[in-house]
Amino acid sequence: MATVVLLAFVAGMLVTLSRQINGRLAAATSALTSSFWNHAVGLGVLVAYTLVAGRFWPEGAAAAPWYAWAGGIAGVVFVAGGSWVIHRLGAALTSGLLVAGQMLSGVMMDLIRGTEGSGPMRFAGVALILLGVWMSRRGGSRRG
């Protein structure tokens, strides 16, 4: 379990790093150009992995519902939007808002699926994340 938690933590750190890199490219080009190159390079890495692994089509993929293939659309919007926003809000605020948005959608999905746990406590967790984002921005203009 500790390995899975560590992997999730590192993946979260890589999201911030990726947003920062894509944000710099978006500032020099555009958010959609940055998103294009993000996905083109990612495709190259996945093709190389697939060639090394020896198989492209995983078992059960043909049985997946149609909407299971829509993640790529959401990914383009996420990458392009994040690349556009990070240059305007900064890495910390963008990351905090991304985490809050991810948590809120995760809580809602868990509630829809009937996953065990307290709905109000989950929403309180999202509220605490947003409070942390607000607090981190509140004192930004003071200089010591």
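The values are calculated or read from the model by the stated rules, or taken from the named source; none is laboratory data. Since this is a predicted model, take the numbers as computed values, not measurements. Note: ideal-geometry Cβ built from the backbone for every residue, glycine included; neighbour counts use all protein chains shown. Note: areas computed on protein heavy atoms with side chains; ligands, DNA, RNA excluded. Shrake-Rupley method; radii C 1.70, N 1.55, O 1.52, S 1.80 Å.
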Of those in segment 54-67 that are farther than 30 Å from Leu98 by Cα and of a type in the set (Phe, Trp, Tyr), the residue surrounded by the fewest Cβ atoms within 10 Å (Cβ to Cβ) is Trp57
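Yes/no per residue for (1) open to solvent by 100 Å² or more (accessible area, probe 1.4 Å); (2) among the hydrophobic types (A, V, I, L, M, F, W, C):
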| position | (1), (2) |
| --- | --- |
| Trp69 | yes, yes |
| Ala74 | no, yes |
| Phe78 | no, yes |
| Leu98 | no, yes |
| Met109 | yes, yes |
| Ile112 | yes, yes |
| Ser136 | no, no |
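Scanning for something polar (S, T, N, Q), closer than 22 Å to Ala31 by Cα and part of a helix (DSSP H, G or I), does segment 105-115 turn up at least one residue? If you could, list the steps in order and put the result at the bottom.
Taking segment 105-115 and keeping what is polar (S, T, N, Q), we get 105, 115.
With closer than 22 Å to Ala31 by Cα added as a condition, the list becomes none.
Taking every residue of segment 105-115 in turn, none turns out to be polar (S, T, N, Q), closer than 22 Å to Ala31 by Cα and part of a helix (DSSP H, G or I).
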How many residues of segment 1-34 are surrounded by 15 or more Cβ atoms within 10 Å (Cβ to Cβ) and closer than 18 Å to Leu97 by Cβ? The answer is 9
